[in-house]
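The values are calculated or read from the model by the stated rules, or taken from the named source; none is laboratory data. Treat the numbers as computed from the prediction; the structure is a model and nothing was measured. Cβ atoms come from the backbone with ideal geometry, glycine included; neighbour counts cover every protein chain shown. Areas reflect the complete protein model, heavy atoms only, side chains present, ligands, DNA and RNA absent. Shrake-Rupley method; radii C 1.70, N 1.55, O 1.52, S 1.80 Å.
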Amino acid sequence: MTTETKTPLVSVRDLNVKFVSREATVNAVNDVSLTVQHGEVLCIIGESGSGKSVSMRALMRLLPERRAVISGKLAVDGQDVLALKGKELAAFRGGEAAMIFQEPMTALDPVYTVGHQIAETVRRHTGCSFEEGLARALELLELVKVPSAKRRLNAFPHELSGGLRQRAMIALALSCRPKLLLADEPTTALDATVQIQVLILMRKLQQELGMGMIFVTHDLGVAAEIADRVAVMYAGRIVETGTVQEVLTDPKHPYTKGMLSSTVHGNMRGQDIEAIPGSPPDLRALPTGCSFGPRCAFADSHCLEQLPPEVMLGNDRLARCFKVDAAPAAADAGSVPA
Amino acid sequence: MVKKAYGFDKPIAVQYGIWLGKVLTGDFGMSIATGRPVTEELFRALANTVMLSAGAVIAAFSLAFVIGTFAGYRVGTPSDRAVTGIAVIGVSIPNYWLAIVLVIIFAVELNVLPATGMGPRGSETFNPFQWDHFKYLILPIITLSLIPIGIITRTTRSAVAEVLNQDFVETLRAKGLMEAEILLHVVKNALPQVLAVMGLQFGYLMGGSILVETIFTWPGTGFLLNKAILTRDLPVLQGTILILAIIFVTTNLVIDLLQTAVDPRLKR
C-alpha cells in the first residue's frame, strides 16, 4: 500500500521490557519489532500476560520508571520515544500519540466533569483558554456521537454508562488530533451490543482522521472487524504477523492455528472446542527454546532447545517457528514444493 | 437560703427545664465561683482558645498535608519512612509531657520563649500580631499541633498513595499533563478522606485542651473547665460543655457538606 521510502509512523525495534523486583525478573516483552504505517490499523492479538499491554505502555512511557527496564528503539513519527524528557514527553503524550484504556469505569477522574477533563487536555496541548477547550470538548463529544452532548459535558463519569464513558475516553484521546492512537482492549469491558457500536465508531474515526492505530485485543472477531494487519503475541514475543486476511484465514504458527480453532464459529453445537493444552509459560523463567514449544503439537527436541528465528514468509509476513518454510522470492507461501 | 437562691429545692427535672429554658434565651446563669455571668466567662475563654487552636490548625494541617502528600508519592522510600516515623512520634508522645520538655528547653535553659501565661501584661491586652505577645503562643501551638500532625499525616499519606494506584492517574499521564497538574487531581481525590479526619481534629482543638492550657496557664476553655471542675462550678461546667458540643457537631456538619462539594459521587 505505502511506498517504502516513507518513514513509518511507528517503528519498534528489539523492544525488551523487564520488570525487576527483589524476588524475580519478569521478562514481559522480548525482542518485539513492529511497524505501523500512517493511517494503518495494526491489531496485536494475544492472551492475558502475553505482553501486549506492556508494549503499548512502553510506547507511551507509562511504565513505572523505577521498576521497568526498557531497551530497544521506539520511534513514533521519527521521534525517539525513549529519549523524550519532561515537557517533550508531555507534549508527545496526548499530542502525537494518545491512548484509550480497557476500563472506562476507572480510567476517568471521578471528581472532575467529563468536559473539564477533555478541556484541560486541549488547553495543555494547544495553549488555548479553558473556555475554548470546553467548546472543543463539546465538538468532540458530538464527534463520538454522545447523545445530548451539551448536557454530558457537565456530567461526572459516574453519571454515564460504560459505553458513554468509553466514548468520552475516545473523545479525550482524539482531542488533540493525534497521529497515533493506542487502544488497549477498549471494547473488552463493554456489553456486546455497545462493543460493536464503539468498534465501528473507532474504525470510522480512524479512517476519517487518517490516524495510525495500534489496537490490542484478545478477541479475534474484533481483530477481523478493525485491523489492516495483525501481530500475534505469545509470552512476550511476536510469533506471527501479516495482513488480517492472511493471518486469520491461513495461519502459519501453531499457536495462531490453535487459537483460531479454539474459537466458536458456525454451527458447533455438540462439538467440543479444540482448546490449546497447557498454559502460557512463567515469564520469570522462560524456556530456552520456543516459548510455545511445551504446548505445541508439532514440537520436537530442536524446538525445545533453540529459539526459532523469525521466518520471512513474504512481504511483511513473518512467523517465528522452525516448522514453517521461508518463502522463496515468489511471495506465495504454501504452494511452493520443498 | 442558698438552696432557694440556686433553685436546688425543686425536682431535678424541673431544674433542668429551667436551665434549658434560660439557655435558649442565651442566659447560662451565674458562675458560682466568681458571680459573673457564665456567658461572659465562657466567651472570653472561647476566644482565647480559638486564638490558640487557630494557630495549631493552620500549622498542623498545612504541614501534615504537605508532608503526608510527599510521603504518599514515595511510598517505601527512605523519605516516606522518615515521614511515617514523625507521624508515629506525633501520635505517641503525650502532649503534656512534650509541653513540660519544651518549657524546660526553651524557657528555662535557653530562655528565649516565655514559659506560661498570655502576653506580658495579661490576657486583657493580648495582641497576637505583636511579636512580644506572639511569643506566648509559640510553645502551646507546637504542643497542640503534635497529635493532629501525626494523625493527618498518616491519613494524607495513605489517601494519596491509594489515589496514585488508581487507573485514572495513568490516563492523566497518557493525556500529557505535567506532574504538577496531576498532583492537583490526586489531591482533590484524596481530599474527602483527609477532610473527615481534619474535621475531627478541628473539633478536638476548638474544645481546648485541659492539660495543655493548664500547663501554660492559658485562660481558654480547657483552663476554665479545669477550674470549674475543681471549684464544682456547675453552671460554668454545663455551659462550657454545651457550647463545646455544639461546636463539635457543627464542625462535622460543615465537613460533611465540604466533602460533598469536593466529591460529586457523595451527592444524592
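Inter-chain neighbour count for B:159-169: the average number of beta-carbon atoms from partner chains within 10 Å of each residue's beta-carbon is 3. Rounded to whole Å, the principal axis extents of the Cα atoms in region A:126-246 read 48, 32, 25, largest first.
Each part gets one Cα centre, and for region A:60-136 versus region A:154-221 those centres are 16 Å apart. In region B:31-263, a dipole from Cβ-located charges (positive for Lys and Arg, negative for Asp and Glu) runs towards its positive end, and of B:64, B:189, B:34 it is B:34 whose Cα lies farthest in that direction. How many percent of the alpha carbon pairs in region B:70-199 exceed a separation of 27 Å? The answer is 42 percent, as a whole percent. Each Lys and Arg contributes +1 and each Asp and Glu -1, all at the Cβ; summed about the Cα centre of the protein assembly as shown, the dipole is approximately 1580 debye. For region B:31-263, what percent of Cα pairs sit more than 27 Å apart? Percentage above 27 Å: 44. Using only Cα atoms and rounding to the nearest 10 degrees, what angle (0 to 90) does helix B:12-24 make with the longest principal axis of chain B? It is inclined by approximately 60 degrees.
The share of accessible area on region B:88-154 that comes from carbon and sulfur is 67 percent, using a 1.4 angstrom probe. For residue A:29, the amide hydrogen comes within under 5 Å of the amide hydrogens of A:17, counting only partners 5 or more places away or on other chains and with H modelled in the peptide plane. Once the Cα atoms are used to define both axes, helix A:130-143 deviates from the longest principal axis of chain A by about 50 degrees. Our summary gives chain B a relative contact order of 25 percent, counting only alpha carbon pairs under 8 angstrom and 6 or more residues apart. In this structure, the pairs whose alpha-carbon distance is over 30 Å, taken from A:18/A:145; A:87/B:267; B:3/B:227; A:52/A:179, are A:18/A:145; A:87/B:267. Max-minus-min Cα coordinates of the protein assembly as shown on each principal axis give 124, 56, 53 Å, with the largest extent listed first.
Would you mind calculating the relative contact order of chain A from Cα pairs under 8 angstrom and at least 6 residues apart, reporting the percent as a whole number? Before the final figure, lay out the partial values.
Working: 620 pairs, mean separation 63.2, N = 338.
The value is 19 percent.
Between the beta carbons of residue B:18 and residue A:25, assuming R0 = 60 Å, the FRET efficiency works out to 0.15 to the nearest 0.05. Ignoring lysines fewer than eight residues from residue B:4 along the same chain, the ones with Cα atoms less than 20 angstrom from its Cα are B:22. The rule of thumb for compact globular proteins, 2.2 N^0.38 Å, goes into the C-alpha radius of gyration of chain A 1.04 times. Probing with 1.4 Å while keeping every protein chain in the model, the per residue accessible area of chain A equals 46 Å². Within the straight-line cut-off of under 15 Å between alpha carbons, the aspartates and glutamates reachable from residue A:252 are A:240, A:310, A:316, A:325, A:332, sequence neighbours fewer than 8 places apart in one chain being disregarded. For chain A, the longest principal axis of the alpha carbon atoms and the long axis of helix A:192-209 meet at an angle near 80°.
In this structure, the amide hydrogen of residue A:238, modeled 1.01 Å from its nitrogen in the peptide plane, lies closer than 5 angstrom to those of A:33, counting only residues at least 5 positions away or on a different chain.
Over chain B, dividing the summed -39,500 (n - 2.57) contributions of all DSSP H runs of at least 4 residues by the number of residues returns a 222 nm mean residue ellipticity of -24000 deg cm²/dmol.
Run the accessible area of region A:194-234 with a 1.4 Å probe and give the carbon-and-sulfur part as a rounded percent.
51
For region A:251-257, 3J(HN,Hα) computed residue by residue from phi via the Karplus equation (6.51, -1.76, 1.60; θ = phi - 60°) reads x, 9, 7, x, 5, 4, 4 Hz, glycine and proline entered as x.
Each of A:217, A:276, A:168 was scored by the projection of its Cα onto the charge dipole of the protein assembly as shown, and the greatest displacement toward the positive side belongs to A:168; charges sit on the C-beta of Lys, Arg, Asp and Glu. With 0.36 nm allotted per residue and the present C-alpha distance subtracted, the residue B:132-residue B:183 stretch has 14.4 nm of extension available.
Is there a quick way to get the dipole size of region A:43-193? I mean about its Cα centre, with the Cβ of Lys and Arg at +1 and of Asp and Glu at -1; what is the value in debye to the nearest 20?
240
A loss of 20 Å² or more of accessible area (1.4 Å probe, protein heavy atoms, ligands and nucleic acids excluded) relative to the isolated chain is seen in these residues of region A:110-150: A:110, A:111, A:112, A:120, A:121, A:124. Taking a straight line from the alpha carbon of residue A:73, these aspartates and glutamates sit under 16 Å away, with near neighbours fewer than eight places off in the same chain left out: A:14, A:31. Shown for region B:177-201: residues covered by the partner protein chains by 20 Å² or more of accessible area relative to the chain by itself (probe radius 1.4 Å), namely B:177, B:178, B:181, B:185, B:188, B:189.
Ordering B:89, B:138, B:210, B:152 by accessible surface, largest first, gives B:89, B:210, B:138, B:152; the 1.4 Å probe counts only protein heavy atoms, with every chain in place.
Taking the Cα atoms of region B:1-142, the ratio Rg/Rh between the radius of gyration and the Kirkwood radius comes to 1.16.
Please give the total accessible area that chains A and B bury against each other, computed with a 1.4 Å probe and expressed in Å² to the nearest 100.
Working: alone 16570 and 14870 Å², together 29260 Å².
Answer for the A-B pair: about 2200 Å² buried.
Dipole magnitude for region B:31-263: about 240 debye, using +1 per Lys or Arg Cβ and -1 per Asp or Glu Cβ, origin at the Cα centre. Shielding value for A:103-109 is 5, the average number of Cβ atoms from other chains within 10 Å of each residue's Cβ. The helix-based estimate of mean residue ellipticity at 222 nm for chain A, built from -39,500 (n - 2.57) per DSSP H run of four or more residues and divided by its residue count, is -9000 deg cm²/dmol to the nearest 500.
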